[in-house]
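To start, the structure itself, in structure tokens.
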Amino acid sequence: MTFTITQNQNQYLTYCLKDEEADAYLEVVPARGGIITRWQICGEDILYLDRERFKDPNLSVRGGVPILFPICGNLPDNTYQHQGRNYSLKQHGFARDLPWQVSKQSTETASSLTLELNSNPVTRQVYPFDFQLIFTYQLQGNSLKIHQKVINLCPERMPFSIGFHPYFQVTDKTRLSFDIPSSQYLDQRTKTLHSYSGNFDFNLEEIDAAFPQITRHQSSFSDSYHQRQIVLGYDDLYTTLVFWTLKDKNYICLEPWSAPRNALNTGEHLTYLEPQSSREAIVEMRVNQI
């Protein structure tokens, strides 16, 4: 059989998805924020993971593909207002820190794993809405698709933004080239706008660039060291792309966000769900040999 799903009991229960024919492999840890921790094509790691941080449940995971919800980025003083009351939400929200539940597995046309996160007393303290998130990870060939469904279960409109923070493994950043469909970016550290022509200065200690006006729903980068191209596709829910990296670290992050930082306060590109309605979206990552 081409597609399989097995389980390993490491520090956390880990689901292992395989496409045997394509020699593709994926690891998902539901208890640690529903995170993808490993993606391999032909034995090559596509993602970076800081395994020491991953072992410590008190630290946010640096690596894999963390889920961002109900905000992307941070809020000033980690605070927003709803109906005249202040609430506190830490950077990127809470979905990446909470345990998710596995609700479905399939190996018919792909290795497919569905996870769910439901609102609870912990989430309501910082985000006063009842919701359900249903995410399906689908591994097939050189492609990883993430199907998302956000459901508003409360009697009022629910504002949110959603995104992903994939850490791609790189060895030599000078051998990367980028195709990001935008002509300018916002430096999120200095809050200044810069024109963009396809290059980054990797001598900087940190690069935190938000592309607020992407002109098409696909971005990519090519890595001549590893002889591969990573293509990131996202549908029209996603309005912002963020590029982030730290000097001397073997990763870059190319992050699709549905709204920019602080959208819960500014309303910029914020998504509002009517009561008892839902919104679906897809993000796809693909690895091509070059």
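The values are calculated or read from the model by the stated rules, or taken from the named source; none is laboratory data. Everything quoted here is computed from the prediction, not taken from an experiment. Note that we place each Cβ from the backbone using ideal geometry, even for glycine, and neighbour counts take in every protein chain shown. SASA here: full protein model, heavy atoms, side chains in, ligands and nucleic acids out. Shrake-Rupley method; radii C 1.70, N 1.55, O 1.52, S 1.80 Å.
The conditions of being surrounded by 14 or more Cβ atoms within 10 Å (Cβ to Cβ) and either at pLDDT below 95 or farther than 12 Å from Phe211 by Cβ (or both) are met by Gly163.
Residue count for region 23-57 satisfying the condition of being over 17 Å from the mean Cα position of the chain (by Cα) and either open to solvent by less than 30 Å² (accessible area, probe 1.4 Å) or over 16 Å from Arg286 (Cα atoms) (or both): 8. Tallying residues that are more than 20 Å from Ala31 (Cα to Cα) and either in contact with a Cys (Cβ under 7 Å, 6 or more places away or on another chain) or open to solvent by less than 10 Å² (accessible area, probe 1.4 Å) (or both) within region 101-138 yields 4. Being part of a strand (DSSP E or B), at pLDDT 95 or above, out of contact with any His (no Cβ under 9 Å at 6 or more places or on another chain) and closer than 24 Å to Thr171 by Cβ, is that true of even one residue in region 3-15? No; the residues of region 3-15 include none that is part of a strand (DSSP E or B), at pLDDT 95 or above, out of contact with any His (no Cβ under 9 Å at 6 or more places or on another chain) and closer than 24 Å to Thr171 by Cβ. So, of the residues in region 228-261 that are surrounded by fewer than 17 Cβ atoms within 10 Å (Cβ to Cβ) and over 23 Å from Gln169 (Cα atoms), which turns out to be farthest from the chain's Cα centre (by Cα)? The extreme case among them is Asp236.
Please determine whether any residue of region 267-278 is under 13 Å from the mean Cα position of the chain (by Cα), under 30 Å from Pro128 (Cβ atoms) and in contact (Cβ under 8 Å) with a residue 12 or more places away in the chain.
From region 267-278, those under 13 Å from the mean Cα position of the chain (by Cα) are none; that's our starting set.
No, region 267-278 contains no residue that is under 13 Å from the mean Cα position of the chain (by Cα), under 30 Å from Pro128 (Cβ atoms) and in contact (Cβ under 8 Å) with a residue 12 or more places away in the chain.
Name every residue in region 74-98 that is on the phi > 0 side of the Ramachandran plot and in contact (Cβ under 8 Å) with a residue 60 or more places away in the chain, in order of residue number. The answer is His92, and nothing else.
This table checks each residue for (1) in a strand (DSSP E or B); (2) among the hydroxyl-bearing types (Ser, Thr, Tyr); (3) under 23 Å from Thr37 (Cα atoms).
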residue: Glu156; (1), (2), (3): no, no, no
residue: Phe168; (1), (2), (3): yes, no, yes
residue: Thr174; (1), (2), (3): no, yes, no
residue: Thr190; (1), (2), (3): no, yes, no
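The residues in region 175-227 that are out of contact with any Phe, Trp or Tyr (no Cβ under 7 Å at 6 or more places or on another chain), of a type in the set (S, T, N, Q), within 16 Å of Pro260 (Cα to Cα) and open to solvent by 50 Å² or more (accessible area, probe 1.4 Å) can be counted, and the count is 4.
Among the residues of region 214-231, are any touching a Lys or Arg at 6+ places or on another chain (Cβ under 7 Å) and part of a loop (DSSP other than H, G, I, E, B)? Yes, region 214-231 has at least one match. When Ser60 is tested against (1) closer than 28 Å to Ile290 by Cβ; (2) out of contact with any Phe, Trp or Tyr (no Cβ under 6 Å at 6 or more places or on another chain), exactly one condition is not met: (1). Criterion applied to Asn74, Asn86 was being part of a loop (DSSP other than H, G, I, E, B) and open to solvent by 10 Å² or more (accessible area, probe 1.4 Å), and the one residue passing it is Asn74. Of everything in region 142-158 that is open to solvent by 20 Å² or more (accessible area, probe 1.4 Å) and of a type outside the set (S, T, N, Q), the residue that is farthest from Asn203 (Cα to Cα) is Pro155.
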